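The values are calculated or read from the model by the stated rules, or taken from the named source; none is laboratory data. Note that this is a predicted model, so its numbers are computed, not measured. With ideal geometry, Cβ positions are generated from the backbone for all residues, glycine too; neighbour counts draw on all protein chains shown.
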Amino acid sequence: QVQLQQSGPGLVKPSQTLSLTCAISGDSVSSNSATWHWIRQSPSRGLEWLGRTYYRSKWYNDYAVSVTGRITINPDTSKNQFSLQLNSVTPEDTAVYYCARYRYFDYWGQGTLVTVSS
Amino acid sequence: DIVMTQSPDSLAVSLGERATINCRSSQTVLYSSNNKNCLAWYQQKPGQPPKLLIYWASTRESGVPDRFSGSGSGTDFTLTISSLQAEDVAVYYCQQYYSTPYTFGQGTKLEIK
């Protein structure tokens, strides 16, 4: 049974960096068949895919254009987890953030409400 | 980007009756290499992440009741709940995974009439 456990702060100040981690159990971040994603949900933007990381003999990343230049998704093989960093946040980045597995998202983290406010 | 449009935005159905939700993509999501449609359906209840119901447009996820079914191909898809139960009250989303950025519909809120 795959489980994804999210951690990270729920409050971030404007212009600072949002950082979240998704710990994986029951699968491997280095799997040659899985892909690992970050998705956010807000009333104004709905469900928005942010990006993914995956391993196919080497590491790959894809990011949404809307956050390109501000986003980094990194795998951590030693801890079997992956992380999200979103720089220069504004109140428009306030959302519930989810991690998820695979391209149709069969497993999700529990969600983290991140509020961007001073 | 592929735009996903659901209809209706909200729906009220009597218990035991059929509920039908539609989803249209702005371009085909039929993957030619395996002749499968890259379309998934999710159910979301308040305070929970979305739950995968259907993938490849018509394959039911393990553990999902058989009253849920998906159909369609190319750009037009349907989620059908054959006999609505009280626990089916939720928001339903479609999602394409044909190409990144993966995109979702705006959601359909299903209620009991």
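Might you let me know whether the range A:65-77 holds any residue that is within 14 Å of the chain's Cα centre (by Cα) and small (G, A, S)?
Scanning the range A:65-77, I find no residue that is within 14 Å of the chain's Cα centre (by Cα) and small (G, A, S), so the answer is no.
Considering only residues that are surrounded by fewer than 18 Cβ atoms within 10 Å (Cβ to Cβ) and over 25 Å from A:P14 (Cβ atoms), look in the range A:91-118 and name the one that is farthest from the chain's Cα centre (by Cα).
My answer is A:D106.
Go through the residues of the range A:26-41 one by one and say whether even a single one is of a type in the set (G, A, S), within 14 Å of chain B (Cβ to nearest Cβ) and under 20 Å from B:T100 (Cβ atoms).
Yes, the range A:26-41 contains a residue that is of a type in the set (G, A, S), within 14 Å of chain B (Cβ to nearest Cβ) and under 20 Å from B:T100 (Cβ atoms).
Condition (residue is away from every other protein chain (no Cβ under 14 Å), at pLDDT 95 or above, out of contact with any Leu (no Cβ under 7 Å at 6 or more places or on another chain) and assigned to a loop (DSSP other than H, G, I, E, B)) applied to the range B:92-104: is it met by at least one residue? Reasoning before the result, please.
Kept after step one, since they are away from every other protein chain (no Cβ under 14 Å), are these residues of the range B:92-104: none.
The answer is no, given that none of the residues of the range B:92-104 is away from every other protein chain (no Cβ under 14 Å), at pLDDT 95 or above, out of contact with any Leu (no Cβ under 7 Å at 6 or more places or on another chain) and assigned to a loop (DSSP other than H, G, I, E, B).
Test of understanding: among A:V96, A:V65, which residue is assigned to a loop (DSSP other than H, G, I, E, B), out of contact with any helix residue (DSSP H, G or I) (no Cβ under 6 Å at 6 or more places or on another chain) and on the phi < 0 side of the Ramachandran plot?
A:V65
Taking A:E48 and the conditions (1) surrounded by fewer than 18 Cβ atoms within 10 Å (Cβ to Cβ); (2) without any contact (Cβ under 8 Å) to a residue 60 or more places away in the chain; (3) touching a strand residue (DSSP E or B) at 6+ places or on another chain (Cβ under 7 Å), which numbered condition does it fall short on, given that it satisfies the others?
Evaluating A:E48 over (1) surrounded by fewer than 18 Cβ atoms within 10 Å (Cβ to Cβ); (2) without any contact (Cβ under 8 Å) to a residue 60 or more places away in the chain; (3) touching a strand residue (DSSP E or B) at 6+ places or on another chain (Cβ under 7 Å) leaves (1) as the failure.
Taking the range B:35-47 as the region of interest, how many residues are part of a loop (DSSP other than H, G, I, E, B) and either at the interface with chain A (Cβ under 8 Å from one of its Cβ atoms) or small (G, A, S) (or both)? Outline the logic, then answer.
Residues of the range B:35-47 part of a loop (DSSP other than H, G, I, E, B): B:35, B:38, B:45-47.
Narrowing the set further to residues that are either at the interface with chain A (Cβ under 8 Å from one of its Cβ atoms) or small (G, A, S) (or both) leaves B:38, B:47.
The total comes to 2.
Does B:A19 fit the bill of being surrounded by 15 or more Cβ atoms within 10 Å (Cβ to Cβ), away from chain A (no Cβ under 11 Å), touching a residue at least 60 places away in the same chain (Cβ under 8 Å) and of a type outside the set (D, E)?
Considered against the rule, which asks whether it is surrounded by 15 or more Cβ atoms within 10 Å (Cβ to Cβ), away from chain A (no Cβ under 11 Å), touching a residue at least 60 places away in the same chain (Cβ under 8 Å) and of a type outside the set (D, E), B:A19 comes out as yes.
Could you give me the residue pairs with C-beta distances under 7 Å whose first residue belongs to the range B:49-73 and is within 11 Å of another protein chain (Cβ to nearest Cβ), whose second residue is surrounded by 19 or more Cβ atoms within 10 Å (Cβ to Cβ) and among the β-branched types (V, I, T) wherever it lies, and which are 6+ apart or on separate chains?
B:E61/B:I54
Does any residue of the range A:74-91 turn out to be in a strand (DSSP E or B) and either of a type in the set (K, R) or within 14 Å of another protein chain (Cβ to nearest Cβ) (or both)?
No, the range A:74-91 contains no residue that is in a strand (DSSP E or B) and either of a type in the set (K, R) or within 14 Å of another protein chain (Cβ to nearest Cβ) (or both).
Which one of these does A:I24 not meet: (1) in contact (Cβ under 8 Å) with a residue 24 or more places away in the chain; (2) assigned to a loop (DSSP other than H, G, I, E, B); (3) of a type in the set (A, V, I, L, M)?
Here A:I24 meets the rest and fails (2).
Name the single residue that is nearest to A:Y63 (Cα to Cα) among those in the range A:92-118 being among the charged types (D, E, K, R) and within 14 Å of another protein chain (Cβ to nearest Cβ).
Looking only at the range A:92-118, we keep the residues that are among the charged types (D, E, K, R), and these are A:92-93, A:101, A:103, A:106.
Restricting the remaining residues to those that are within 14 Å of another protein chain (Cβ to nearest Cβ) gives A:101, A:103, A:106.
Numbers: A:R101: 15, A:R103: 14, A:D106: 20 Å.
Among residues in the range A:92-118 that are among the charged types (D, E, K, R) and within 14 Å of another protein chain (Cβ to nearest Cβ), the one nearest to A:Y63 (Cα to Cα) is A:R103.
If B:F77 satisfies all but one of (1) within 19 Å of B:I2 (Cα to Cα); (2) at the interface with another protein chain (Cβ under 9 Å from one of its Cβ atoms); (3) out of contact with any Pro (no Cβ under 6 Å at 6 or more places or on another chain); (4) buried (at least 19 other Cβ atoms within 10 Å of the Cβ), what's the number of the condition it fails?
(2)
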